[in-house]
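One structure below.
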Amino acid sequence: MRVICHDCQKEKEFDPQAFRCICGGVWEPIEKDDFDLDSIQKDLSSVWRYQDIFRLRALESPVSLGAGWTPLFSSKWEENDTLFKLEYFSPTGSFKDRGTEVEMSYLKAVGVKQVVEDSSGNAGAAIAAYAARSGICADIYVPDSASPAKLSQIQIYGAKLHKIPGPRVEATNAVLQAVAGGAVYASHAYSPVYLLGQQSFAWEIWEQTNGKLPDAVVIPVGQCGLLMGTWLGFRRLLMAGVIEKLPHLYAVQPKCFAPIYDAFTKGLDDIPQIYSAKLSIAKGLAIVKPVRGKRILQALRESGGGAVVVSEKQIRQAYRDLAKKGFFVEPSSAVAAAAIGTVRQELGANAVILAALTGSGLKSNVLKS
């Protein structure tokens with residue numbers, strides 16, 4: 001798989017042992033300007049309907065638990081028809097499965113036997129599940145404050161769990177020590193193969209709407225893996241001439257923890273690390289510095305979208321309102337729904353808006369009424 005570092009423009013064949021460029025930049029799949037519609041395997045209801053479009057030469061027998069091709073529903077939200085894509089219908093209950101299924105298939109194909117990952121819960125559960133499925137050993141580093149349900153899920157798959165005291169960033173620091181010792185980092189933040197898998201989110205939206213894309217796609221963000229994959233996926237459709245323009249992409253964060261919003265609104269070119277003692281009920285979004293900062297801001301600006309923050313009160317209300325419509329999601333997912341009104345005010349009452357519901361409500365403790 002050919003990859004590129006956009007910091008120094010270096011291109012190379014991806015080596016899982018070198019999770020980032022020697023300049024410190026992050027690898028991305030080299031973009032392609034073709035999209036063969038006839039190669040979509042429409043009899044498959046998973047990410048592998050796009051196997052020929054991924055063009056991963058190492059893959060002959062992908063590891064699958066059925067990630068991808070998640071439902072897309074229309075429902076009233078604040079009196080307007082709104083689209084909701086139910087990523088929490090994934091095998092381990094979160095959108096992380098989409099990229100992880102492709103990533104772990106690739107790692108198995110190239111002979112990797114053991115991986116490490118840091119996570120607030122969802123990515124760790126996805127890696128643990130696919131490691132079990134593929135016969136790969138996994139060590140998962142998590143903050144000790146992570147959801148007990150998520151920690152139990154990681155353990156039941158057989159992964160070795162490392163609970164790290166302190167904020168979320170300490171789990172990352174701990175896993176980087178393991179990587180420095182030679183471990184393969186199956187990172188949802190850094191892996192270009194994971195990012196390739198996440199592009200299928202955009203392609204599914206195009207298929208499921210019969211090419212009539214929404215005006216905006218609203219995504220809750222931490223590391224922005226889904227947002228980045230969505231952007232690159234739509235860019236490929238655009239470069240191939242399949243679509244005429246990109247949907248507006250909106251990144252949503254809790255108001256008390258919003259490095260992307262801060263950087264976007266200040267007109268910065270990169271996202272500085274933030275220092276905040278405040279905690280949000282949307283624990284899965286507590287990333288102090290996304291590793292793809294420059295490209296995230298580029299994605300928001302190029303698509304004509306933006307960044308939105310929502311209060312804890314708004315998150316709690318959206319969490320309950322979604323449940324009353326049959327959508328049981330964790331608070332980190334409810335963040336997207338909480339931002340729909342703001343996005344609609346910006347784009348107009350008739351705008352077609354799609355919100356990504358990224359994680360199951362079974363993964364986090366139910367909020368008290």
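Does K255 fit the bill of being open to solvent by 40 Å² or more (accessible area, probe 1.4 Å), under 29 Å from A349 (Cβ atoms) and basic (K, R)?
On the way: open to solvent by 40 Å² or more (accessible area, probe 1.4 Å): yes; under 29 Å from A349 (Cβ atoms): yes; basic (K, R): yes.
So K255 passes the test.
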Study note, to complete from the structure: Condition set in contact with a Leu (Cβ under 7 Å, 6 or more places away or on another chain) and hydrophobic (A, V, I, L, M, F, W, C), scope the stretch 204-217, selection most open to solvent (accessible area, probe 1.4 Å): answer is W206
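Quick check on the stretch 264-274. Is at least one of its residues of a type outside the set (S, T, Y), under 25 Å from L354 (Cα atoms) and modelled with pLDDT of 95 or more? Before you say what the answer is, go through the steps one by one.
Let us first name the residues in the stretch 264-274 that are of a type outside the set (S, T, Y), namely 264, 266-274.
Okay, now just the ones that are also under 25 Å from L354 (Cα atoms), so 264.
Applying the additional criterion that residues be modelled with pLDDT of 95 or more yields 264.
Yes, the stretch 264-274 contains a residue that is of a type outside the set (S, T, Y), under 25 Å from L354 (Cα atoms) and modelled with pLDDT of 95 or more.
Each row is one residue, and each column tells you yes or no for (1) in contact with an Asp or Glu (Cβ under 8 Å, 6 or more places away or on another chain); (2) among the hydrophobic types (A, V, I, L, M, F, W, C).
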{"position": "A299", "(1), (2)": "no, yes"}
{"position": "G305", "(1), (2)": "no, no"}
{"position": "V329", "(1), (2)": "no, yes"}
{"position": "V335", "(1), (2)": "no, yes"}
{"position": "I340", "(1), (2)": "yes, yes"}
{"position": "A349", "(1), (2)": "no, yes"}
{"position": "L354", "(1), (2)": "no, yes"}
{"position": "S364", "(1), (2)": "yes, no"}
Practice item. Quick one: count up the residues across the stretch 146-201 that are open to solvent by 10 Å² or more (accessible area, probe 1.4 Å), of a type in the set (V, I, T) and out of contact with any Pro (no Cβ under 9 Å at 6 or more places or on another chain). Key: 3
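To keep it simple, each residue is scored yes or no on (1) more than 22 Å from A126 (Cβ to Cβ); (2) hydrophobic (A, V, I, L, M, F, W, C).
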position	(1), (2)
H6	yes, no
I30	yes, yes
S39	yes, no
K42	yes, no
S45	no, no
R55	yes, no
S61	no, no
G68	no, no
T82	yes, no
Check your understanding: Between residues in the stretch 171-197 that are farther than 28 Å from G68 by Cα and residues that are open to solvent by 10 Å² or more (accessible area, probe 1.4 Å) and assigned to a helix (DSSP H, G or I), which pairs lie under 9 Å by C-beta distance while being six or more apart or on different chains?
Key -> none
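Conditions tested, residue by residue: (1) part of a strand (DSSP E or B); (2) over 15 Å from F201 (Cβ atoms); (3) in contact with a Phe, Trp or Tyr (Cβ under 6 Å, 6 or more places away or on another chain); (4) among the small types (G, A, S).
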{"residue": "C8", "(1), (2), (3), (4)": "no, yes, no, no"}
{"residue": "P16", "(1), (2), (3), (4)": "no, yes, no, no"}
{"residue": "K32", "(1), (2), (3), (4)": "no, yes, no, no"}
{"residue": "R57", "(1), (2), (3), (4)": "no, yes, no, no"}
{"residue": "A67", "(1), (2), (3), (4)": "no, no, no, yes"}
{"residue": "T82", "(1), (2), (3), (4)": "yes, yes, no, no"}
{"residue": "D97", "(1), (2), (3), (4)": "no, no, no, no"}
Practice item. Only residues that are closer than 19 Å to P290 by Cβ, out of contact with any Phe, Trp or Tyr (no Cβ under 7 Å at 6 or more places or on another chain) and at pLDDT 95 or above: list them for the stretch 155-188, please. Key: A186
Check your understanding: So which residues in the stretch 104-123 are within 13 Å of the chain's Cα centre (by Cα) and in a helix (DSSP H, G or I)?
Key -> N122, A123
Review point. Scanning the stretch 113-139 for residues that are of a type outside the set (D, E, K, R) and open to solvent by 20 Å² or more (accessible area, probe 1.4 Å), which turns out farthest from L56 (Cα to Cα)?
Key: S120
Revision key, fill the gap. All-but-one check, D270 against (1) in contact with a Ser or Thr (Cβ under 8 Å, 6 or more places away or on another chain); (2) open to solvent by 50 Å² or more (accessible area, probe 1.4 Å); (3) among the charged types (D, E, K, R), failing number (1)
Review point. For the stretch 25-41, how many residues are of a type in the set (F, W, Y) and either open to solvent by less than 10 Å² (accessible area, probe 1.4 Å) or within 16 Å of K108 (Cα to Cα) (or both)?
Key: 1
**Study point:** Residue that is surrounded by the most Cβ atoms within 10 Å (Cβ to Cβ), among those in the stretch 331-348 that are out of contact with any Phe, Trp or Tyr (no Cβ under 9 Å at 6 or more places or on another chain) and among the small types (G, A, S)
**Key:** S332
Review point. Across the stretch 42-92, which residue is surrounded by the most Cβ atoms within 10 Å (Cβ to Cβ) among those that are basic (K, R) and at pLDDT below 95?
Key: R55
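Report whether or not R301 is more than 21 Å from K96 (Cβ to Cβ), touching a Leu at 6+ places or on another chain (Cβ under 7 Å), among the basic types (K, R) and at pLDDT 95 or above.
Values: more than 21 Å from K96 (Cβ to Cβ): yes; touching a Leu at 6+ places or on another chain (Cβ under 7 Å): no; among the basic types (K, R): yes; at pLDDT 95 or above: yes.
Criteria not met by R301.
The values are calculated or read from the model by the stated rules, or taken from the named source; none is laboratory data. Quantities reported herein were computed from a predicted structural model and do not represent experimental measurements. Positions of Cβ are backbone-derived with ideal geometry, glycine not excepted, and every protein chain shown enters the neighbour counts. Just so you know, the surface numbers come from the protein's heavy atoms only, side chains and all, with ligands and any DNA or RNA stripped out. Shrake-Rupley method; radii C 1.70, N 1.55, O 1.52, S 1.80 Å.
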